[in-house]
């Protein structure tokens, strides 16, 4: 990994473990400062469920570079369950079977566990490396894009790069797409609490009009769910959850 160092004004090459080690060293420093404890005897670091031994050893190597000793590794979903158990011990009884779903931006991690006394045993793990919140953002972006084109305020190439475009024109397209991504995520969050959400086009079409556009589009939760359904996102998610339970 090549990184530009502003102090030396030269590019420096680092191994991924070295970069991770620097981050872990800083986190260790912050933890010690907050805990007012110069010595932390044991550390648990989480890792994605799909990490093999090689990747887990890379984490341990990064810890060693950071000066962190006595390190234990735990799958991320298991760590989440342990914390939940710590704060909701009255809900999870001995013998309980729990499915932990870690739905990130780009991946889905699923872990099926069983509570046995003070231990949490992993029964099975699963997931999808190509399914995450970004897929739902993309679906919503398409929906918003179609609504904008239907308004006929811009043509159907507004968010598309084309051959023969100048550098300045490409930069405008990139900015427009970034605004669309940001707005799609905002709308997605709003629709988790409301049945519909308004979008002011002055923000999204800033490069197309010199003056503010007093036009508002509305996106409903039902429309969003229909788009996700048509793309098979829910079906993929449910299928992975059912498969992880055997």
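No lab work stands behind these numbers, since they all come straight from the coordinates. Treat the numbers as computed from the prediction; the structure is a model and nothing was measured. Heads up, the Cβs are rebuilt from the backbone with ideal geometry, glycines too, and the neighbour counts pull from every protein chain shown.
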Check your understanding: Seen from all sides and averaged, what is the projected area of the convex hull of the Cα atoms in the chain, in nm²?
Key -> 20.0
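Round to the nearest 0.05 the FRET efficiency obtained for residue 157 and residue 34 when R0 = 51 Å and r is the Cβ-Cβ distance. Spell out each step's value before the answer.
On the way: r = 52 Å, r/R0 = 1.01.
Approximately 0.50, to the nearest 0.05.
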Practice item. Scale the Cα Rg of region 133-230 by the rule-of-thumb value 2.2 N^0.38 Å and send over the ratio, two decimals. Key: 1.09
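Provide the packing ranking of 5-17, 132-144, i.e. peptides ordered by the mean count of other C-beta atoms within 10 Å per residue, highest first.
Numbers: 5-17: 10.0, 132-144: 18.8.
Order by mean packing, descending: 132-144, 5-17.
Relative to the present Cα-Cα distance, how much length would full extension add between residue 116 and residue 23 at 0.36 nm per residue of separation? Let's see the in-between values first.
Details: separation 93, 0.36 × 93 = 33.48 nm, distance 3.49 nm.
Additional length available on full extension: 30.0 nm.
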Check your understanding: Hey, any idea what Rg/Rh is for region 2-128, computing Rh the Kirkwood way over Cα pairs?
Key -> 1.05
Point to revise | Angle between the chain longest axis and helix 53-65 axis [Cα atoms, degrees, rounded to 10] | key: 80
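At a threshold of 8 angstrom on Cα-Cα distance, excluding pairs fewer than six apart, so keeping six or more, what relative contact order does the chain reach in percent?
Working: 302 pairs, mean separation 32.9, N = 246.
Value for the chain: 13 percent.
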Check your understanding: Pick from 106, 127, 95: which residue has the top mean-square fluctuation in a GNM of the chain where Cα pairs under 10 Å get a spring?
Key -> 95
Review point. Using a Gaussian network model of the chain with C-alpha springs under 10 Å, which one of 63, 111, 168 is most mobile by mean-square fluctuation?
Key: 168
Study note, to complete from the structure: Of 75, 118, 57, the most mobile residue in a GNM of the chain (C-alpha springs, cutoff 10 Å) is 118
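Given 0.36 nm per residue, what is the gain on full extension from residue 5 to residue 174 after removing their alpha carbon distance, in nm? Walk me through the numbers on the way to the answer.
On the way: separation 169, 0.36 × 169 = 60.84 nm, distance 2.70 nm.
Between residue 5 and residue 174, full extension yields 58.1 nm more.
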